[in-house]
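To start, the structure itself, in structure tokens.
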Number of protein chains: 2
Amino acid sequence: MTQTVWAALADPHRRDVLDLLAAEELSVGELVTRLSLTQPQTSKHLRVLRDAGLVRVRQRGQHRIYAVEPESLSELDSWLATYRRLWSRHLDRLGEHLEQTPQGDS
Amino acid sequence: MTQTVWAALADPHRRDVLDLLAAEELSVGELVTRLSLTQPQTSKHLRVLRDAGLVRVRQRGQHRIYAVEPESLSELDSWLATYRRLWSRHLDRLGEHLEQTPQGDS
DNA sequence: CCAACATATGCCTTGACAGGCATATACGGT
DNA sequence: ACCGTATATGCCTGTCAAGGCATATGTTGG
């Protein structure tokens, strides 16, 4: 399950796809153009991303419009939380914690 | 490179290693015990994590103590920032006051 | 130096995955 | 229904990484 998300993100091309979709919804053809990937390549990457729940698709005319499914990344975010505490603690010691912390500091 | 970090994190065993090290520094032998991996397996995973800058090692007697290097994950965190904005915006549309409620039971 | 322990590495096999190419399927217009 | 466009999938191949096993390297103490 979660493994699917990690595996999907392991591929640079798929992260490129996500990054484009984060800005705007795009059809497969538009993705192909912007990424200079082949069309089958793109479709396959989209398949993986879809199976991982990272993108969703809808039909518009004869195009399939892909959009990012950002909540699927929240689990990655919560996994990171542990480490974020660690490195921000480290930054604290350097007195460089510029951003305000939502929760009170440790 | 960033790719190294993503590739390193793609493996479940390596994430397990990191999760253990996030709690406390451990020697290789202790990792082997807790993860029920073989020793060479563990050493190889540690090698990958080290090359990715995710852990650091120091010698203590005849043991090698591994510790997590949390700042290496900050780039992953900043990558996530884009998507975090997206999904929190989505949550906003569902009613942002829900997260202020202690128990948002269904 | 030798012994015993702890850890790293080399070799090999196997399985997973990406890319290329051909082709199948779906949709819209006529 | 036919055609062109858009997208998906199947097959094949090369590559790469993980696991198993044996062994090398490094460390401590005698």
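Here, each number is a calculation from the coordinates, and none is a lab measurement. None of these values were measured; they are calculated from a predicted model. A quick note on method: Cβ atoms are made from the backbone with ideal geometry, for glycine too, and the neighbour counts reach across all protein chains shown.
Quick notes on this one:
- Label distances, nm, A:VAL28 versus same residue in remaining copies, Cβ-directed 7 Å point: 4.8
- Other protein chain C-beta atoms within 10 Å of residue C-beta, averaged over A:16-28: 1.
- Shape category assigned to chain A from the gyration tensor of Cα positions, a/c cut at 1.5: prolate
- Copies compared at A:ARG50 - label distances in nm, ascending, label defined 7 Å from Cα in the Cβ direction: 4.3
- Legend: mean number of C-beta atoms from other chains within 10 angstrom of residue C-beta atoms, peptide B:83-93, equals 4.
- Among A:VAL28, A:VAL55, A:VAL17, the largest mean-square fluctuation in a Gaussian network model of chain A (Cα springs under 10 Å) belongs to A:VAL28.
- In chain B, the longest principal axis of the Cα atoms and the axis of helix B:74-93 are about 20 degrees apart.
- Dipole magnitude for chain A: computed about the Cα centre from +1 point charges on Lys and Arg Cβ and -1 point charges on Asp and Glu Cβ, it is near 440 debye.
- For the protein assembly as shown: rounded, prolate or oblate by the Cα gyration tensor [a/c cutoff 1.5]: oblate
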